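Chemist: Please read through the structure below; I'll follow up with questions.
The values are calculated or read from the model by the stated rules, or taken from the named source; none is laboratory data. Predicted model, so just to flag it, every value in this text is computed and none were measured. Methodologically, a virtual Cβ is constructed for each residue, glycine included, from the backbone with ideal geometry; neighbour enumeration extends over all protein chains shown.
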Amino acid sequence: MTDTQAEPTLVLDPSAGRTGSTASKVARAILRAPIQARTWKEFAYILTVFILGCFVWVYGFVGFGGGLMISFTLIGIPVLAGVLLGTRLWGVIYRALCKDLLDTPLDAPPPFRPEPGFFGFLKSAFTDRTSWRALLFLIAQAALGAVLGYFVLIVTAMVVFLAISPIPWVLFHPINIDAQGNEHHSLFQFGDSYVETWPGVIAFSAVGVVLCFVLPWVLRLVCLVHRLLTMALLSPTTRDRRLLELQESRRAAVVDSAATLRRVERDLHDGTQARLVTIAMSLGRAEERLAAGGDPTDLIADARANSKEALTELRELVRGIHPPALELGLGPALETLAARCAVPVELRVHLPERPHPAVEAIAYFSVAELLTNVVKHANATNAWVSALPHDAHTIAITVRDNGIGGVLAPMPPALGVGSGLAGLAARARSVDGTLTVQSPPGGPTVVTILLPKAAR
């Protein structure tokens, strides 16, 4: 009989590798923290806001304190208004520090736009929400930047000195004298105990070195509080962003309207007006020939042909301003676009409630331009258009193609209003709509426009 011994089976725990990898990442992060640029930038930020915090105390006492003391005089109220508006300048400084040292860029709030007149200026100053939020930020910075920053800097100096303590202990040979008159070569004293031996000095230095690896995380925690405070009080609120979007949408609408008027003027001047002049000349020549006893039939035929072409151009021009197909609704208008498109289009429309006419016009012109882009640039063989309810108050217009993709997202409004996807996005924003683009290289390209059923 032969005895067989079972071979050992190796069982691998996949979580063990992940745990080891995570532990190594944490260890590397801790070891690298003291020498990372982020740590030094955060230390520079805390040092800078500590200095600025001291000036904030002076600004508060001199500006607001002095303004309140003379508020009963004629110049006291304007002084307070100016000091309050001055908090906006502080906001600019702190946002720049947050961007450069904390790598957190923040948008600027809306600019101050005073009402006309002296009393209008005062009213605007004391009702400026941005200035009051900046004032709250300065009050917090007076404590967070100056007071807390002072303690953080002191702790930092103590930790660094503790880590390098053997160097001054050797170089400067500090001497402490106890109550009995005995001399001790020591930097540190705890009651009647002195750290005056190499083992003790090295032990204290080791504690300082360990704390040097802990200190960066303390700095990051303090800077996180600063960052959150700056984002909460110095960045635009939802209301501010909404106001900026409305202003930008209004500007985009004005630019779009001006461009439309210029196009109509150009088309009338170069097309219809020229044909009407030609018709008038043909009829004049026909009148002269008829008076001379000749046959003006060919001239009248030319005038008639030109009049038909002029009518066709006028219809196209009117269709560009307000498509007649929209009189029947968005569905029939989109059917007309799909039928005219050089690429086969599959259309799906289901709108139980008819949107506002302005929304229908935006949807129509957006689909028209997107289908034009599909034909010109997408190298697509098919396109799909849908107009469906998105929720109770919004409709979703989607244009998809099977082309090459790689379409760039719309540029910011200030850089690209009036042309391409940026123009479509601006037109959608004019009624509180949005435009999103999904177009990975190789396709497909999907453009989705969300529009409210009722124009706002």
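Matching residues to (1) modelled with pLDDT of 85 or more; (2) outside the structural domain of THR156 (by TED's automatic domain parsing); (3) closer than 21 Å to LEU211 by Cβ:
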site	(1), (2), (3)
PRO34	no, no, yes
ALA37	yes, no, yes
TYR59	yes, no, no
MET69	no, no, no
THR73	no, no, no
GLY82	yes, no, no
GLY86	yes, no, no
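Chemist: Here is a list: PRO344, PRO332, PRO296, PRO389. Which entry is at pLDDT 85 or above, more than 25 Å from VAL264 (Cβ to Cβ), over 31 Å from the mean Cα position of the chain (by Cα) and not acidic (Asp, Glu)? Show your work before the answer.
Modeler: Values: PRO332 fails: more than 25 Å from VAL264 (Cβ to Cβ); PRO296 fails: at pLDDT 85 or above; PRO389 fails: over 31 Å from the mean Cα position of the chain (by Cα).
Of the residues listed, the single one that is at pLDDT 85 or above, more than 25 Å from VAL264 (Cβ to Cβ), over 31 Å from the mean Cα position of the chain (by Cα) and not acidic (Asp, Glu) is PRO344.
Chemist: Further question: Right, GLU369: crowded, with 20+ Cβ neighbours inside 10 Å and in contact with a Gly (Cβ under 9 Å, 6 or more places away or on another chain) or not?
Modeler: Numbers: crowded, with 20+ Cβ neighbours inside 10 Å: no; in contact with a Gly (Cβ under 9 Å, 6 or more places away or on another chain): yes.
In short, no.
Chemist: Taking the residues in the range 419-456 that are hydroxyl-bearing (Ser, Thr, Tyr) and part of a strand (DSSP E or B) as candidates, determine which candidate is farthest from ILE395 (Cα to Cα).
Modeler: Taking the range 419-456 and keeping what is hydroxyl-bearing (Ser, Thr, Tyr), we get 419, 430, 434, 436, 439, 445, 448.
From what's left, part of a strand (DSSP E or B): 434, 436, 445, 448.
Values: THR434: 11, THR436: 14, THR445: 20, THR448: 10 Å.
Among those that are hydroxyl-bearing (Ser, Thr, Tyr) and part of a strand (DSSP E or B), it is THR445.
Chemist: Evaluate the range 100-122: report whether one residue or more is in a helix (DSSP H, G or I) and either at pLDDT 90 or above or closer than 30 Å to LEU215 by Cβ (or both).
Modeler: Looking only at the range 100-122, we keep the residues that are in a helix (DSSP H, G or I), and these are 100-101, 118-122.
Add one more test, that the residue is either at pLDDT 90 or above or closer than 30 Å to LEU215 by Cβ (or both), and what stays is 100-101.
Yes, the range 100-122 contains a residue that is in a helix (DSSP H, G or I) and either at pLDDT 90 or above or closer than 30 Å to LEU215 by Cβ (or both).
Chemist: In addition: Right, GLY284: at positive phi and modelled with pLDDT of 75 or more or not?
Modeler: Values: at positive phi: no; modelled with pLDDT of 75 or more: yes.
Against the criterion (at positive phi and modelled with pLDDT of 75 or more), GLY284 does not qualify.
Chemist: Considering THR130, THR156, which residue is modelled with pLDDT of 85 or more, farther than 20 Å from TYR59 by Cα and either exposed (fewer than 13 other Cβ atoms within 10 Å of the Cβ) or out of contact with any Cys (no Cβ under 8 Å at 6 or more places or on another chain) (or both)? Give the derivation first.
Modeler: Numbers: THR130 fails: farther than 20 Å from TYR59 by Cα.
Result: THR156 is the single residue among THR130, THR156 that is modelled with pLDDT of 85 or more, farther than 20 Å from TYR59 by Cα and either exposed (fewer than 13 other Cβ atoms within 10 Å of the Cβ) or out of contact with any Cys (no Cβ under 8 Å at 6 or more places or on another chain) (or both).
Chemist: Within the range 159-205, work out how many residues are part of a loop (DSSP other than H, G, I, E, B), among the hydrophobic types (A, V, I, L, M, F, W, C), surrounded by fewer than 11 Cβ atoms within 10 Å (Cβ to Cβ) and at pLDDT below 70. Break it down stepwise before answering.
Modeler: Start the filter on the range 159-205 by keeping residues that are part of a loop (DSSP other than H, G, I, E, B), which leaves 164-165, 172-174, 178-182, 186-187, 191-192, 196-197.
Filter again for among the hydrophobic types (A, V, I, L, M, F, W, C), leaving 164, 172, 179, 187.
Remaining after also requiring surrounded by fewer than 11 Cβ atoms within 10 Å (Cβ to Cβ): 172, 179.
So of that shortlist, the ones also at pLDDT below 70 come out as 179.
The qualifying residues number 1.
Chemist: Would you mind stating whether ILE51 is assigned by TED's automatic domain parsing to the domain that holds HIS226, free of Cβ contacts under 8 Å to residues at least 12 places away in the same chain and over 23 Å from THR230 (Cα atoms)?
Modeler: On the way: assigned by TED's automatic domain parsing to the domain that holds HIS226: yes; free of Cβ contacts under 8 Å to residues at least 12 places away in the same chain: yes; over 23 Å from THR230 (Cα atoms): no.
The answer is no for ILE51.
Chemist: Further question on the same structure: Say whether the condition of being in contact with a Lys or Arg (Cβ under 8 Å, 6 or more places away or on another chain) and exposed (fewer than 14 other Cβ atoms within 10 Å of the Cβ) is met by at least one residue in the range 296-305. Give the steps one after another, and end with the answer.
Modeler: Initial filter on the range 296-305 (in contact with a Lys or Arg (Cβ under 8 Å, 6 or more places away or on another chain)): 296, 299.
Restricting the remaining residues to those that are exposed (fewer than 14 other Cβ atoms within 10 Å of the Cβ) gives none.
No, the range 296-305 has no match at all.
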